[in-house]
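What follows is a single structure, written as structure tokens, with notes after it.
All of the numbers you see were taken from the coordinates with simple rules; none came from a lab. Everything quoted here is computed from the prediction, not taken from an experiment. Cβ: placed from backbone, ideal geometry, glycine included. Neighbour counts: every protein chain shown.
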Amino acid sequence: NAGVTQTPKFQVLKTGQSMTLQCAQDMNHEYMSWYRQDPGMGLRLIHYSVGAGITDQGEVPNGYNVSRSTTEDFPLRLLSAAPSQTSVYFCASSYSGQRNEKLFFGSGTQLSVL
Amino acid sequence: KQEVTQIPAALSVPEGENLVLNCSFTDSAIYNLQWFRQDPGKGLTSLLLIQSSQREQTSGRLNASLDKSSGRSTLYIAASQPGDSATYLCATHITGGGADGLTFGKGTHLIIQP
């Protein structure tokens, strides 16, 4: 199994551009989430989903949009990129969203906004 | 709001030593606490998950303890090896209202000297 796959691995954007970070998992996990990791800060939750058709906001949702049309995919959209969104983005999933399950992470997308 | 602190921020020890990484959190109303390992340029790998009703979990040379009442967890690594060099992160999953996700510490960067 591939686990959690994120694409692209690296991306450079200009301020104001939009883009979609892709996340796919092949483990039939119901719960999926997006985090960002910035130097000197812990990972912070952006958005999450407990199943297809259900999404909710995390700690830092502004400037990001998500949808969950299938169990496998959970894309993260940057609507109008800003330099403050320069970060490493991680997608993570777990089986059913029950709170005592380990979280599986993708390898990350490094995004630079100029 | 939950805050998770990890001490020390960095640690360098000779191979073979036993070592302890510390994690503290401000809100004891947690479902669980997880310890993760992050290698440079990679995603996070869950090492141990301690449910709120448990006191410790063990996996190989790793042992994690949880004291909910004092808001502390420790990760004990026995007989350290150069391959243990990585950043170790702890994270809590809190109960009650709010976003359904983890709150992370900033991590301890561990170097094991051969």
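Residues in the stretch A:13-21 carry Karplus couplings, in order, of 10, 9, 3, x, 6, 10, 6, 10, 8 Hz; the curve used is 6.51 cos²θ - 1.76 cosθ + 1.60 with θ = phi - 60°, and Gly or Pro positions show x. Convex hull of alpha carbon positions in the stretch A:3-70: directionally averaged projected area 5.4 nm². Pull up the cross-link candidates among the lysines for residue B:1, meaning alpha carbon to alpha carbon under 26 Å and not fewer than 8 places away within one chain. Within the straight-line limit of under 26 Å, residue B:1 reaches these lysines: A:102, B:68, B:106. Note on chain A: GNM, Cα springs under 10 Å; of A:40, A:16, A:63, the largest mean-square fluctuation is that of A:40.
Mean projected area of the Cα convex hull of chain B, taken over all directions, amounts to 6.8 nm². Each label was represented as a point 7 Å from its Cα along the Cα-to-Cβ direction; for residue A:95 and residue A:15 these points are 4.8 nm apart.
Overall dimensions of chain A, expressed as equivalent-ellipsoid semi-axes from the Cα gyration tensor (√(5λ), whole Å, largest first), are 23, 14, 13. Within the stretch B:36-77, the trypsin sites (Lys or Arg not before Pro) that combine a DSSP coil assignment with at most 11 other C-beta atoms in a 10 angstrom radius are B:55. Stretching the chain fully between residue A:2 and residue A:77 yields a gain of 24.7 nm (0.36 nm per residue, less the alpha carbon separation).
Placing a pseudo-label 7 Å from each Cα along the Cα-to-Cβ vector at residue B:3 and residue B:42 gives an inter-label distance of 3.2 nm.
Note down the net charge around residue A:73, summing +1 for each Lys or Arg and -1 for each Asp or Glu among other residues with Cβ under 14 Å from its Cβ. Spelling it out: positives minus negatives among the neighbours equals -1.
Put a plus charge on the Cβ of each Lys and Arg, a minus charge on the Cβ of each Asp and Glu, and nothing anywhere else: the dipole of the stretch A:16-114 about its Cα centre is then about 180 debye.
Simple spin-label estimate for residue B:111 and residue A:102 gives 2.9 nm between the two label positions (7 Å along the Cα-to-Cβ direction from each Cα). Considering only B:59, B:46, B:85, the mean-square fluctuation computed in a Gaussian network model of chain B, springs between alpha carbons under 10 angstrom, is largest for B:59.
What does the charge count around residue B:114 come to, taking other residues whose C-beta lies under 12 Å from its C-beta (Lys +1, Arg +1, Asp -1, Glu -1)? Residues near residue B:114 contribute -2 overall. GNM remark for chain B: springs join alpha carbons under 10 Å apart, and the peak mean-square fluctuation among B:79, B:99, B:29 falls on B:99. Would you tally the net charge around residue B:89, using a Cβ to Cβ cut-off of less than 10 Å, leaving residue B:89 out, and scoring K and R as +1, D and E as -1? Surrounding charge for residue B:89 is +2. Gap in Å between the Cα centre of the stretch A:60-93 and the Cα centre of the stretch B:8-55? Here the two parts' Cα centres lie 26 Å apart. Summary: within chain A, the longest segment free of trypsin sites (Lys or Arg not before Pro) located in DSSP loops with at most 13 other C-beta atoms within 10 Å is A:15-114.
For the stretch A:45-88, the residues whose amide N sits under 13 Å from a probe point set 7 Å from the Cα of residue A:22 along the beta carbon direction are A:73-76.
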